[in-house]
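**Q** Before I ask anything, let me first share the structure, which is written out below as structure tokens.
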Amino acid sequence: MRKKYDARVEVIASLSVIRELTEKGYSKKAIYKKLKNDELLTISYVHFCRFDLDGNLPRQPKKSTFNFQNNEGKKLELKSANPIISPLI
């Protein structure tokens, strides 16, 4: 079973290869495919792209509220992060 920080460990372990290939001009996609084929990574490409060249993840912004307008032009605010699951009023 994968643990929470396995992705970061995999990226940090591969940093020297990632930096070397970056300096040679390889794209992120090409670097990811090479590491995946060499079985050095088990994470998704999207998650791989979130890391910087130091192996850090940027802080995720907090979920904002959704702003909608009704038929009368009045702004409505939805505080839920998932509008589909929000309670019906």
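**Q** Cβ-Cβ distance below 6 Å, separation of 6 or more or different chains: which pairs start in segment 33-62 with a residue that is without any contact (Cβ under 8 Å) to a residue 60 or more places away in the chain and on the phi > 0 side of the Ramachandran plot and end on one that is aromatic (Phe, Trp, Tyr) and outside any loop (DSSP other than H, G, I, E, B)?
**A** Filtered contacts from segment 33-62: no entries.
**Q** For residues that are of a type in the set (Lys, Arg), at pLDDT below 95 and surrounded by 14 or more Cβ atoms within 10 Å (Cβ to Cβ), tally how many sit in segment 8-33.
**A** 2
**Q** Moving on to the next point. Could we say that Tyr5 is at pLDDT below 90 and hydroxyl-bearing (Ser, Thr, Tyr) here?
**A** yes
**Q** Among the listed residues Asn56, Asn82, identify the single one that is surrounded by 10 or more Cβ atoms within 10 Å (Cβ to Cβ) and at pLDDT below 90.
**A** Just a single option satisfies the conditions, and that option is Asn56.
**Q** Sticking with this one: Which number in (1) at pLDDT 90 or above; (2) of a type in the set (Ser, Thr, Tyr); (3) surrounded by fewer than 10 Cβ atoms within 10 Å (Cβ to Cβ) marks the one condition that Ser64 misses?
**A** Failing condition for Ser64: (1).
The values are calculated or read from the model by the stated rules, or taken from the named source; none is laboratory data. Small disclaimer: the values here were computed from a predicted structure and weren't measured. When we count neighbours, we look across all protein chains shown, and the Cβ atoms used for this are built from the backbone with ideal geometry, even at glycine.
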